[in-house]
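Contents: one structure, followed by commentary.
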There are 2 protein chains.
Amino acid sequence: MSDAPSDTAGRHPGPLDDLLVIDLSRVLAGPYATMVLSDLGARVIKVENPAGGDDSRQIGPFKEGESAYFASINRGKQSIALDLKAPADRAVFEALLARADVLVENYRPGVMARLGYGWPALHLRYPRLIYAAASGFGQTGPDAHKAAYDMVVQAMGGIMSVTGWPGGAPTRVGTSIGDITAGLFTVIGILSALHDRARTGSGQFVDVAMLDGQIAILENAVARYAVSGVAPGPLGARHPSITPFAAYACQGGHIVIAAGNDALFAALAAALDMPVLLTDPRFASNAARSAHAEELAALLEARLAEAPPAVWLPRLEAAGVPCGPLQNVAEALAHPQVRARNMVIETAFPSGAPLIAAGNPVKLSGHHDPASRPPAPALDGDRAAILKELGLKELGL
Amino acid sequence: MSDAPSDTAGRHPGPLDDLLVIDLSRVLAGPYATMVLSDLGARVIKVENPAGGDDSRQIGPFKEGESAYFASINRGKQSIALDLKAPADRAVFEALLARADVLVENYRPGVMARLGYGWPALHLRYPRLIYAAASGFGQTGPDAHKAAYDMVVQAMGGIMSVTGWPGGAPTRVGTSIGDITAGLFTVIGILSALHDRARTGSGQFVDVAMLDGQIAILENAVARYAVSGVAPGPLGARHPSITPFAAYACQGGHIVIAAGNDALFAALAAALDMPVLLTDPRFASNAARSAHAEELAALLEARLAEAPPAVWLPRLEAAGVPCGPLQNVAEALAHPQVRARNMVIETAFPSGAPLIAAGNPVKLSGHHDPASRPPAPALDGDRAAILKELGLKELGL
């Protein structure tokens with residue numbers, strides 16, 4: 001839809017390769033969303049503040065002074081530094097908006113309006129522009145004005161209350177699931193608005209709150225509360241209502257077994273030579289097994305303690321029982337299936353130094369899934385090219 | 001895009017309200033994806049096996065024999081039971097596909113091809129149809145044929161290795177983040193393919209693997225491994241590279257503090273009357289604070305122990321420090337901001353009995369965000385209406 005000429009950053013074609021995204025966002029929820037859009041072919045221009053740019057440039061881990069965190073999330077994007085309070089830079093920003101399909105920001109609500117770039121003003125001036133705002137608490141409601149980071153919404157949204165061990169300390173999900181979930185819902189909102197625009201010709205405002213996203217992923221914890229009136233607690237490493245569906249200790253390690261129905265439970269009992277499991281009334285149905293999850297775990301672990309994961313996993317796999325090893329990040333990234341799926345890609349720091357990163361999990365028959373992505377941009381690194389494209393170079397901006 | 005007449009299930013208009021989705025999926029990853037599409041206006045027809053239907057109808061929690069788990073994820077969808085090996089039912093299925101925009105399934109790879117419904121065959125016959133398959137390991141690679149459930153991909157994908165406490169037992173993320181992430185990437189793939197179809201006229205195949213999705217959300221754990229060569233471990237309730245960014249014990253409870261930069265750290269020190277924090281070289285930068293996270297936590301918790309969360313939270317909020325209470329699911333769902341954002345909606349079991357569920361976190365300026373959603377369907381509950389619509393009733397099917 002964009003009339004901007006294509007850039008020369010080495011982007012690969014994808015289903016979104018006709019789209020221009022202007023990205024004011026910083027750190028994670030917004031940049032994660034525009035990373036997903038970029039991986040699917042969209043051209044993303046980061047508009048960064050001249051005083052240091054995206055905060056995540058200053059968040060580790062660092063390699064020779066460059067943030068790997070920043071580089072991994074911002075691979076394949078371009079950068080221009082603009083002071084949105086300076087008239088000359090505002091002219092550049094507005095020239096970009098005039099060509100853009102999508103604007104993404106993750107400021108606290110109100111910041112854009114104070115700059116004169118609130119949704120009503122932008123919609124009037126750029127009627128086809130889709131404007132997506134990812135914020136901590138959303139654009140409406142009593143807490144809209146408050147700032148939030150991942151940790152805050154993980155705590156307030158309830159996921160920490162069901163993660164960890166009974167009676168143990170509060171436990172954070174080990175990645176920034178508050179930001180990432182909001183980023184994914186932001187992408188879904190943008191793509192939905194694009195679908196709508198193809199019919200109506202009009203852009204719309206997409207309002208995604210990190211806290212809302214945490215509620216949306218509570219899954220059966222909401223259903224359990226709705227039925228029982230009791231807030232569920234953490235369950236360690238097992239599923240609340242499917243059993244056996246947990247990590248179990250073996251000789252020298254752990255494996256995960258996910259026998260989600262009666263047929264798989266029967267296959268598990270056979271593979272472990274434990275026919276007694278099938279005649280014990282405590283384990284006669286999934287509901288019964290879930291009510292006796294600890295007794296079942298004790299029996300399973302007594303048997304599993306006789307051999308290491310390398311013995312049990314092939315035996316369970318041969319029996320068709322879903323199972324798997326407990327892998328650390330190094331093992332996960334080296335796993336043959338992960339490699340075969342191109343989920344570890346090559347990209348680069350702004351300096352050009354190489355970096356590996358997680359790949360794009362959306363595999364499409366109509367598009368090649370590249371094994372490398374262009375580098376993350378240096379702050380303001382694409383200024384000259386972008387100004388030239390916009391025909392603004394001669395103005396000396 | 002669909003030429004099917006609109007149903008009478010009380011769906012609300014949304015950006016996707018011109019779409020017909022045929023849904024063969026069961027339990028969670030696929031049904032979660034089609035729930036998101038349905039919440040955004042798409043018409044979703046579940047095609048269930050006549051022998052019991054979607055497995056999640058038999059997964060608790062139950063209320064008077066009906067699964068709240070099934071009902072919450074399948075609200076607003078329709079159901080028809082079809083035996084895809086029976087010629088008469090295949091004719092109904094094919095009539096549905098002829099009108100559909102999107103087909104979603106989450107079988108093991110190969111199942112659809114054995115039914116004669118593999119992607120090449122369907123693409124030839126229904127060239128505009130988008131076919132999305134969400135599977136455990138994806139359609140390609142050495143493990144493509146294996147089954148996986150959430151627990152397996154959480155373990156293999158690495159998120160369990162960074163969740164929990166150092167030296168503690170393996171810990172599962174307390175919701176089915178393996179399924180949910182795959183569901184969200186499936187929606188993104190479908191919407192990207194719809195965007196592409198508007199240009200090309202052609203549908204495509206969307207291949208999403210639950211394991212791939214887990215790699216995609218490892219976030220800075222991948223960056224830390226890429227830079228250090230060391231697999232990161234769990235960190236309890238703190239962020240790995242932003243400090244202070246954790247849950248801290250207070251008098252009688254915990255609060256979360258997320259002071260993500262130097263200015264917020266200074267505001268925190270002032271709000272706690274701890275100016276010493278600002279002159280201590282161990283805490284002079286985010287990198288220094290992250291290297292001394294435990295010493296900082298000890299100092300903060302000694303101070304925080306002097307008062308309960310109800311004292312600290314308003315004080316930190318007034319100072320502009322991102323913070324929040326650690327809430328259980330009951331507290332999260334009752335929170336005024338969550339309610340104000342319409343994140344707790346009314347829906348119903350197939351019987352019509354009321355049920356609350358998490359709302360739709362994608363708020364769009366162009367569409368109303370309803371406070372209630374139609375019930376989940378009874379198995380085969382929409383058969384007569386669908387057959388009539390398809391003009392097949394007279395065949396006695």
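The values are calculated or read from the model by the stated rules, or taken from the named source; none is laboratory data. Predicted model only: the values in this text are computed from it and were never measured. Virtual Cβ from ideal backbone geometry, glycine too; neighbours counted across all protein chains shown.
Points worth noting:
- Failed item, numbered, when residue A:187 is tested on (1) of a type outside the set (Ser, Thr, Tyr); (2) modelled with pLDDT of 95 or more; (3) not assigned by TED's automatic domain parsing to the domain that holds residue A:25: (3)
- Residue within segment A:174-194 that is in a loop (DSSP other than H, G, I, E, B), touching a residue at least 60 places away in the same chain (Cβ under 8 Å) and under 22 Å from residue B:344 (Cα atoms) present: no
- Residue in segment B:200-214 that is surrounded by fewer than 24 Cβ atoms within 10 Å (Cβ to Cβ), part of a helix (DSSP H, G or I) and facing chain A (nearest Cβ under 7 Å) present: no
- Residues being within 20 Å of the chain's Cα centre (by Cα), farther than 14 Å from residue A:216 by Cβ and at the interface with another protein chain (Cβ under 8 Å from one of its Cβ atoms) - total across segment B:340-382: 2
- On the stretch given as segment A:230-254, residues that are in contact with a strand residue (DSSP E or B) (Cβ under 7 Å, 6 or more places away or on another chain), of a type outside the set (D, E, K, R) and either in a loop (DSSP other than H, G, I, E, B) or farther than 16 Å from residue B:162 by Cα (or both) total 6.
- Filter pass, residue A:127 being within 14 Å of chain B (Cβ to nearest Cβ), surrounded by fewer than 24 Cβ atoms within 10 Å (Cβ to Cβ), in contact with a helix residue (DSSP H, G or I) (Cβ under 6 Å, 6 or more places away or on another chain) and farther than 30 Å from residue A:238 by Cβ: no
- Scanning segment B:334-351 for residues that are part of a strand (DSSP E or B) and of a type in the set (A, V, I, L, M) returns B:344, B:345, B:348.
- Odd one out for residue B:169 among (1) surrounded by fewer than 24 Cβ atoms within 10 Å (Cβ to Cβ); (2) modelled with pLDDT of 95 or more; (3) in the same structural domain as residue B:134 (by TED's automatic domain parsing); (4) among the hydrophobic types (A, V, I, L, M, F, W, C): (2)
- Selected residue [of a type in the set (Asp, Glu) and assigned by TED's automatic domain parsing to the domain that holds residue B:70] from B:346, B:294, B:306: B:346
Yes/no matrix, rows are residues, columns are (1) modelled with pLDDT of 95 or more; (2) farther than 28 Å from residue B:26 by Cα; (3) aromatic (Phe, Trp, Tyr):
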residue	(1), (2), (3)
A:261	no, no, no
A:267	yes, no, no
A:272	yes, no, no
A:281	yes, no, no
A:297	yes, no, no
A:300	yes, no, no
A:308	yes, yes, no
A:315	yes, no, no
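- Residues that are acidic (Asp, Glu) and over 14 Å from residue B:238 (Cβ atoms), drawn from segment B:258-298: B:262, B:273, B:280
- Residue among B:249, B:269 that alone is surrounded by fewer than 20 Cβ atoms within 10 Å (Cβ to Cβ) and more than 7 Å from chain A (Cβ to nearest Cβ): B:249
- Pair list, Cβ under 8 Å, 6 or more apart: segment A:112-137 residue over 22 Å from residue A:182 (Cβ atoms), other residue assigned to a strand (DSSP E or B): A:123/A:131; A:123/A:205
- Among residues of segment A:364-378 that are part of a loop (DSSP other than H, G, I, E, B), those with a Cβ under 7 angstrom from a residue that is of a type in the set (A, V, I, L, M) and at pLDDT 95 or above, sequence gap 6+ or separate chain, pair up as A:371/A:345; A:373/A:345; A:375/A:348; A:376/A:71.
- Residue B:218 vs. criteria assigned to a helix (DSSP H, G or I), facing chain A (nearest Cβ under 8 Å), surrounded by 24 or more Cβ atoms within 10 Å (Cβ to Cβ) and in contact with a Phe, Trp or Tyr (Cβ under 9 Å, 6 or more places away or on another chain): no
- Boolean, residue B:140 is in a loop (DSSP other than H, G, I, E, B) and over 26 Å from residue A:249 (Cα atoms): yes
- Residue in segment B:80-90 that is crowded, with 24+ Cβ neighbours inside 10 Å, within 11 Å of chain A (Cβ to nearest Cβ) and in contact (Cβ under 8 Å) with a residue 40 or more places away in the chain present: no
- Residue A:189 within 7 Å of chain B (Cβ to nearest Cβ) and touching an Asp or Glu at 6+ places or on another chain (Cβ under 9 Å): yes
- Some residue of segment B:45-67 being over 30 Å from residue A:288 (Cα atoms) and either assigned by TED's automatic domain parsing to the domain that holds residue B:196 or not aromatic (Phe, Trp, Tyr) (or both): yes
- Residues located in segment B:286-313, provided they are part of a helix (DSSP H, G or I), loosely packed, with under 13 Cβ neighbours inside 10 Å and of a type in the set (Asp, Glu): B:294
- Exactly one residue out of A:144, A:155, A:134, A:121 is at the interface with chain B (Cβ under 7 Å from one of its Cβ atoms) and among the small types (Gly, Ala, Ser), and it is A:155.
- Residue B:92 fulfils the conditions (1) aliphatic (A, V, I, L, M); (2) part of a helix (DSSP H, G or I); (3) closer than 30 Å to residue B:366 by Cα except for a single criterion, (3).
- Filtering B:20, B:40 for residues that are surrounded by fewer than 24 Cβ atoms within 10 Å (Cβ to Cβ), at pLDDT 95 or above, aliphatic (A, V, I, L, M) and within 24 Å of residue A:194 (Cα to Cα) leaves a single hit, B:20.
- Filter pass, residue A:299 being over 22 Å from residue A:36 (Cα atoms) and outside the structural domain of residue A:45 (by TED's automatic domain parsing): yes
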